[in-house]
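Participant: Please read through the structure below; I'll follow up with questions.
The values are calculated or read from the model by the stated rules, or taken from the named source; none is laboratory data. Because the structure is predicted, anything quoted here is derived from the model rather than measured. Every residue, glycine among them, receives a Cβ derived from its backbone with ideal geometry; neighbour counts consider all protein chains shown.
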Amino acid sequence: MRPPTGRARRRDLALLWHQVRYEQLSFWRNPQSAFFTFVFPVVIITLFGALFHGVGRSSYFYGLSALQYYVPTIAAVSVLGACYSGILRLEGVSAIPWVSRFLIGGDEAAGEAALSIAGTHSPRAFDTLQKALDAASDPWFRSVLLSAIALTRQDAALEFLLDLVKAESLDAEFAIEAIVRSMPSEQVVHRLEALVKGNPRLVSALATQRLSRG
């Protein structure tokens with residue numbers, strides 16, 4: 001087999017550059033993916049750096065400092081999120097069953113998997129996340145799943161969240177947070193306001209979320 005010629009090498013480099021450029025454009029054009037994969041970890045690491053600055057090693061962190069303990073974990077979770085998103089971009093919705101296996105843990109990595117699945121904006125994503133919600137018991141992970149459901153941008157997902165609010169379920173406040181975070185239309189906001197009317201707890205939850213979003 002003859003070694004590649006100079007023209008072939010240039011063609012390969014051009015293809016590589018085209019692929020890298022495409023991946024970067026796809027990544028940065030997805031605000032949720034960009035925020036949770038890049039911006040959010042940077043913000044968290046900055047906060048932890050400010051909180052634990054000057055704190056030495058501790059047995060609580062297995063002989064490490066707080067920064068040594070947390071920073072690699074946050075970085076690893078961010079890398080996992082980028083991997084999930086990359087696989088789903090390349091394989092499409094057919095990769096959802098594979099990524100959904102990582103939802104079982106209910107931890108930070110599972111949260112990244114949920115948000116990556118939501119990024120496919122597909123009915124299959126909503127169905128998968130809804131099933132995961134049925135099986136989840138941890139309040140934090142349920143809130144992540146509800147946020148991911150909202151980010152699927154499916155009409156059925158929105159109606160599901162609104163029904164949780166209407167029923168004044170235990171997840172109603174998480175559902176309100178998920179809807180507000182998804183930057184809903186004015187029409188959806190008006191529906192949400194009508195549903196919470198008469199329930200001080202949910203009225204307060206909606207007001208808090210809207211205030212936090214500016």
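Participant: Going by what's in this entry, would Ile176 be described as farther than 30 Å from Leu90 by Cα and assigned to a helix (DSSP H, G or I)?
Facilitator: Values: farther than 30 Å from Leu90 by Cα: yes; assigned to a helix (DSSP H, G or I): yes.
When the stated conditions are applied, Ile176 passes them.
Participant: Hey, Gly6 hits all of (1) more than 15 Å from the chain's Cα centre (by Cα); (2) more than 23 Å from Thr120 (Cα to Cα); (3) at pLDDT 70 or above but one; which does it fall short on?
Facilitator: Failing condition for Gly6: (3).
Participant: Oh, and also: Suppose we keep only residues that are part of a helix (DSSP H, G or I) and within 24 Å of the chain's Cα centre (by Cα) within the stretch 203-214. Which one would you say is surrounded by the most Cβ atoms within 10 Å (Cβ to Cβ)? Give the steps one after another, and end with the answer.
Facilitator: Of all residues in the stretch 203-214, those part of a helix (DSSP H, G or I) come to 203-212.
Filter again for within 24 Å of the chain's Cα centre (by Cα), leaving 205-212.
On the way: Ala205: 20, Leu206: 23, Ala207: 13, Thr208: 14, Gln209: 17, Arg210: 14, Leu211: 8, Ser212: 10.
My answer is Leu206.
Participant: Continuing with this model, one more query. Only residues that are in contact (Cβ under 8 Å) with a residue 40 or more places away in the chain and not in a helix (DSSP H, G or I): list them for the stretch 91-112, please.
Facilitator: Those that are in contact (Cβ under 8 Å) with a residue 40 or more places away in the chain and not in a helix (DSSP H, G or I): none in the stretch 91-112.
Participant: Follow-up question, since we're still on this one. Is it the case that Ser116 is in contact (Cβ under 8 Å) with a residue 60 or more places away in the chain, under 11 Å from the mean Cα position of the chain (by Cα), surrounded by 14 or more Cβ atoms within 10 Å (Cβ to Cβ) and under 30 Å from Thr46 (Cβ atoms)?
Facilitator: On the way: in contact (Cβ under 8 Å) with a residue 60 or more places away in the chain: yes; under 11 Å from the mean Cα position of the chain (by Cα): yes; surrounded by 14 or more Cβ atoms within 10 Å (Cβ to Cβ): yes; under 30 Å from Thr46 (Cβ atoms): yes.
So Ser116 fits the description; yes.
Participant: Only one of (1) hydrophobic (A, V, I, L, M, F, W, C); (2) farther than 29 Å from Ser116 by Cβ; (3) surrounded by 13 or more Cβ atoms within 10 Å (Cβ to Cβ) fails for Ala194. Which number is that?
Facilitator: All conditions pass for Ala194, except number (3).
Participant: Could you tell me how many of the residues in the stretch 168-183 are within 17 Å of the chain's Cα centre (by Cα) and buried (at least 16 other Cβ atoms within 10 Å of the Cβ)? Steps first, answer last, please.
Facilitator: So in the stretch 168-183, the residues within 17 Å of the chain's Cα centre (by Cα) come out as 174-183.
Those still in the list that are buried (at least 16 other Cβ atoms within 10 Å of the Cβ) too: 174-182.
The number of residues fulfilling the criteria is 9.
Participant: Return the only residue of Leu115, Leu145, Leu88 being closer than 28 Å to Pro184 by Cα, at pLDDT 95 or above and part of a helix (DSSP H, G or I). Let's see the steps before the verdict.
Facilitator: Working: Leu115 fails: at pLDDT 95 or above; Leu88 fails: at pLDDT 95 or above.
It is Leu145.
Participant: Given the structure, is Phe40 modelled with pLDDT under 75 and out of contact with any His (no Cβ under 8 Å at 6 or more places or on another chain)? So that I can check it myself, show each step before the final result.
Facilitator: Working: modelled with pLDDT under 75: yes; out of contact with any His (no Cβ under 8 Å at 6 or more places or on another chain): yes.
In short, yes.
Participant: Could you say which residue among Leu161, Leu145 is under 22 Å from Leu103 (Cβ atoms), buried (at least 23 other Cβ atoms within 10 Å of the Cβ), of a type outside the set (Ser, Thr, Tyr) and under 15 Å from the mean Cα position of the chain (by Cα)? Even if it seems obvious, please write down each step before you answer.
Facilitator: On the way: Leu161 fails: under 15 Å from the mean Cα position of the chain (by Cα).
Of the residues listed, the single one that is under 22 Å from Leu103 (Cβ atoms), buried (at least 23 other Cβ atoms within 10 Å of the Cβ), of a type outside the set (Ser, Thr, Tyr) and under 15 Å from the mean Cα position of the chain (by Cα) is Leu145.
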